[in-house]
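Notes follow once the structure below has been shown.
The values are calculated or read from the model by the stated rules, or taken from the named source; none is laboratory data. None of these values were measured; they are calculated from a predicted model. A quick note on method: Cβ atoms are made from the backbone with ideal geometry, for glycine too, and the neighbour counts reach across all protein chains shown. Just the protein is used for accessible areas: all its heavy atoms, side chains included, with ligands, DNA and RNA removed. Shrake-Rupley method; radii C 1.70, N 1.55, O 1.52, S 1.80 Å.
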Amino acid sequence: MKKDTLKTQSPFELDSSLSKQKNPSSKKALVLGGGGSKGAYQIGAYEALCEEGFEFDLVVGVSIGAINGAMIAQGDFAKAKELWLNLTLEDVIDKGLNLTFDMDYYFDNTQKILPFLKTYTQNKGMDITPLQNTIAAYIDYNKLANSPIDFGLLCLEVPSFNPCEKQKAQMDENSLLHWLLASASCFPAFPIYEIAGQKYIDGGYYDNLPIDLAFKMGASDIVAISLNPDCETKYDKNPLVQHLRPSHYLGTMLDFTPNNIKRNMRIGYLDMKRALSYYCGKYFAFYTMSAAESSMLESIAKKLLCFLLTKELDTNTTPPTLSSLLSDQMARTGILSKITSSTPFCDKLLILATQHNHQKPTLQDIGIALLEGFMEVFCYDDLKVWKVNDVLDSATNALHLSHDNLLTSQNTPTNLNPQHLQDLQEILTSLKTHKPNATLLEKTPELMWCALLALSLSMANM
């Protein structure tokens, strides 16, 4: 799967106890992780929080999270959003290059490569003078100092590699900018930053989501926003912490192309909206379902799951052997079932369909997974919000099966990759004639979900 369409864990479901204004009996904190240009994601996520009336007593950040956090803590979120919407590479690095997977970008900018390498060598890192000027233009010490919202950040001392935590009260008008730059000095991309003879690098090397610091500053409830889909913390099972991770891959940490920034802002917004249960879905966003839509999805998922379980448990599919008969007998006694499964395909399917905060999937979760597989194969826009009924209607038309369980070409949209059509046909044939193969769920999950939806819709019409 391409990097720009890579999917990962779904967002958390935000605890309703955090969803209102400040409470004197608790201290609500927002913790923002590091990740360079991916920080646009936090702006989108925070905008969704603002729309739902969230307020925080404390903001803690590291690297780009510290810079975003300072603007939020000083009460200038609108200014922060403006910055990101207009941010260019030239606002961050002098004679720089975006680090992107789009190779055409480098071919179109070959004249910039040599100056970039010369500047990098001279500065022992990229020249971040533009970043210093940008931060100076947007960070207002007086606003931050007078704000009721507390603020903290994290750096890392070198060569001792001791963490250096700074709270708002420990910074003054002259030092604030320096501490923000030190926290964001992602060596070796950026130069090591020096303050009063002490050298510092990006605090993310020590802790890229400084929840510890938030608790040290008195937080009792925390919303943490990381920029790495695979980010895991020791607090992920702690009821005091709600951790939002991106549902999509956000690109590299130094990709300041406008399209990438706007895309990441939108993903952050939609992820947080889903976490707040304003929208549903795992990788795509759907408007809240009506009772009829929910009932339809659950019915489709239930019929499919029953069919697959029956298929996997069908002892007539392959001739029994002495080993299989013994294994079957052991399974009935409950011994073998402890170490193996007779329904590996369904087991894997349920794991993939499970929402991040659930112990097991609901029938609606399975139905959503079926729709999202279809939407990914048919290249739906993952930055839009969709109606479940509309997608179901499109899928019913596009995935119409003939009597022999083959997709009919007259109903197949022209934008479907021919190879995908062939793969879907092969999967459907396999599902009809063999036990479901769990490895297909691992190799091509979106195609398998799409094929399963085709099968489900055909059963729903029977």
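Considering only residues in segment 35-50 that are of a type outside the set (A, V, I, L, M, F, W, C) and modelled with pLDDT of 95 or more, the one that is surrounded by the fewest Cβ atoms within 10 Å (Cβ to Cβ) turns out to be GLU47.
Scanning segment 242-275 for residues that are over 23 Å from VAL92 (Cα atoms) and open to solvent by 10 Å² or more (accessible area, probe 1.4 Å) yields GLN242, HIS243, ARG245, TYR269, ARG274.
Tell me, which residue of segment 182-229 that is without any contact (Cβ under 8 Å) to a residue 12 or more places away in the chain and not in a helix (DSSP H, G or I) is least open to solvent (accessible area, probe 1.4 Å)? Here the answer is GLY197. The set of residues in segment 137-146 that are surrounded by 13 or more Cβ atoms within 10 Å (Cβ to Cβ), part of a helix (DSSP H, G or I) and among the hydrophobic types (A, V, I, L, M, F, W, C) comprises LEU144, ALA145. Please go through segment 167-181 and give me each residue that is more than 26 Å from THR233 (Cα to Cα) and crowded, with 20+ Cβ neighbours inside 10 Å, ordered by number. MET171, LEU176, listed by residue number.
Residues of segment 175-194 being more than 14 Å from ILE135 (Cβ to Cβ) and either at pLDDT 95 or above or within 31 Å of the chain's Cα centre (by Cα) (or both), which ones? Don't jump to the end; show me each part of the working.
Let us first name the residues in segment 175-194 that are more than 14 Å from ILE135 (Cβ to Cβ), namely 186-189, 191-192, 194.
Result: CYS186, PHE187, PRO188, ALA189, PRO191, ILE192.
Report, by residue number, each residue of segment 153-181 that is among the acidic types (Asp, Glu) and not in a strand (DSSP E or B). Give the derivation first.
In the first step, residues of segment 153-181 are kept if they are among the acidic types (Asp, Glu); the result is 157, 165, 172-173.
If the condition is that a residue be among the acidic types (Asp, Glu) and not in a strand (DSSP E or B), then ASP172, GLU173 are the ones that fit.
Can you say whether ILE149 is in contact with a strand residue (DSSP E or B) (Cβ under 7 Å, 6 or more places away or on another chain) and open to solvent by less than 60 Å² (accessible area, probe 1.4 Å), as far as the supplied structure shows? The answer is yes for ILE149.
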